[in-house]
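Here's the structure, in C-alpha cells; my notes come after.
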Number of protein chains: 2
Amino acid sequence: MADIKPAQKGLFLRKSELRRGIELLFFAYRDFTAEADRVLAGYGLGRAHHRVIYFVARQPDITVSELLAILGITKQSLARVLSHLVAERFVEQRAGTHDRRQRLLRLTPQGAALEAMLTDLQCKRFAETYNAGGAESVAGFTQILRGLLDEPTRAQLLKLSPDHGD
Amino acid sequence: MADIKPAQKGLFLRKSELRRGIELLFFAYRDFTAEADRVLAGYGLGRAHHRVIYFVARQPDITVSELLAILGITKQSLARVLSHLVAERFVEQRAGTHDRRQRLLRLTPQGAALEAMLTDLQCKRFAETYNAGGAESVAGFTQILRGLLDEPTRAQLLKLSPDHGD
DNA sequence: GGTTTTATGTCAGCCATGTTGACCAATATG
DNA sequence: CATATTGGTCAACATGGCTGACATAAAACC
C-alpha cells in the first residue's frame, strides 16, 4: 500500500472514490433492508426476526448454536426473537436426534411462506440490478464485498455455501 | 424480466447467486461498520454519532434539515445524538446568516480529528479491497450498489457528489 | 458412576437508536 | 397582519443489541 501512485495504479483509490464507496454501501444497505422491513411490520415482526427466518430457511434443522454463530449476536437477543417466532408459529423446534439438548429449527408452512415472500422481494431487486449490470458487474460486486469481510466471516460463508469463492 | 433464460442470460441470476448477494451485503455491512464501532465505543459514541460526524465533515455548515434528509431519520433521533456531540465538543453550531432559525453545523478540531481517524480506517479497508480487486471490480461494485438504491436516494447522492454516476 | 463440560433457556436490567406527537419560535407568504 | 411553513425541543415509547447470574438436561470423560 505504501508505493501507490494514484495516477497510475488507479483513480479509484482517490479519497473521494473511497468515500463514495462508503456512502454507497451505507445507502444501499439502508434502502435494501427498508423494503423488507415494511412487509415485516405488517406482521408485527422486525429485522431481527427476518434474519432468523432467512437463515432457518437457508439451512433447515439448524441448531440454536449454529444460528448464534452466523448471526453474531447473544443468546438473549436471539432467544427473544426466536421464542416470539415459535409462539407465532413461524418456526418450530424439535429435539435433536443424536443430541437431545439441541433444538433443531425449521420453518412452519406459514413461516416458509413469509420467508419466500421476503426473499422473492429481495431477490427481485437483486435480479433487476444484476440483469442491468451484467455478469462482469456482478463479479466485481461480489469480489469487493468479499474483500470487505473480516477473515472469520469469510470462513463462515464458505461453510454456508462451499462454492462461495468462485 | 419475464423472458430470462438463465443459461443464456447469466448464471448470476440463479436463486443461489441472488441469495449469495443478499448474504454478502449483510455480512460485509456488518463487518465493515463493526470496525469503526469499536473505535467509537472508546469515546462513548455509537454508530449514529459517526454518521453525523461523517456527513458534517463531508459538508461543513450543513443545516439540521439537510442532515435529516440525508440520514433519513426523525428529528428527535438526530437531536439526541447531535446535542450529545455538541455537549462533548465534537460539533459546533452557529445561527444561519440568512435564516436565524437554522443551525449551521461544523466539526470542532476534536471532531475533525475523530472523523479523520474513522474515515481513514474505513478508507483503508476500501483501498486494500479496491486495490486487490482492480478498476473493473470497483466499477462493477459501484454499479450494482447504485442499482440497489431507491430512486430518491439516487437523486440525493447526485446532490452530494455531482459526478456520482460516472 | 460421578464429575465436568456443553447446549440451551430464563430472568432482570441496561443502552443505543429508532419512532410519534405535542409544542414553541422564527420566518415567509397571501 | 394573519396564517402557514420551517426549524427545533421535549416526553414517552419500541426494538433490538448487550451483560451477568443462574437452571437444566444431556453428553462426555475419567
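The values are calculated or read from the model by the stated rules, or taken from the named source; none is laboratory data. Source: prediction; values computed, not measured. Positions of Cβ are generated from backbone atoms using ideal geometry, with glycine treated the same way; all protein chains shown enter the neighbour counts. Just the protein is used for accessible areas: all its heavy atoms, side chains included, with ligands, DNA and RNA removed. Shrake-Rupley method; radii C 1.70, N 1.55, O 1.52, S 1.80 Å.
Looking at the range A:13-31, can you tell me whether even one residue there is more than 12 Å from chain B (Cβ to nearest Cβ) and surrounded by fewer than 17 Cβ atoms within 10 Å (Cβ to Cβ)?
No, because not a single residue in the range A:13-31 is more than 12 Å from chain B (Cβ to nearest Cβ) and surrounded by fewer than 17 Cβ atoms within 10 Å (Cβ to Cβ).
Could you tell me whether the range B:70-78 includes any residue that is open to solvent by 30 Å² or more (accessible area, probe 1.4 Å), within 16 Å of DNA strand D (Cβ to nearest atom) and on the phi > 0 side of the Ramachandran plot?
yes
Return yes when A:S83 is among the hydroxyl-bearing types (S, T, Y) and open to solvent by 50 Å² or more (accessible area, probe 1.4 Å) and no when it is not.
yes
Out of all the residues in the range B:45-63, which are surrounded by fewer than 17 Cβ atoms within 10 Å (Cβ to Cβ) and of a type outside the set (S, T, N, Q)?
B:G46, B:R47, B:R58, B:P60, B:D61
Among the residues of the range B:29-57, how many are closer than 18 Å to B:V91 by Cα and near DNA strand C (Cβ under 10 Å from one of its atoms)?
11
Out of the range A:110-166, which residues are polar (S, T, N, Q) and without any contact (Cβ under 8 Å) to a residue 24 or more places away in the chain?
Scanning the range A:110-166 gives A:Q110, A:T129, A:N131, A:S137, A:T142, A:Q143, A:T153, A:S161.
From (1) within 30 Å of B:T153 (Cα to Cα); (2) within 15 Å of DNA strand C (Cβ to nearest atom); (3) open to solvent by 20 Å² or more (accessible area, probe 1.4 Å), pick out the condition that doesn't hold for A:Q93.
Just one mismatch for A:Q93, condition (1).
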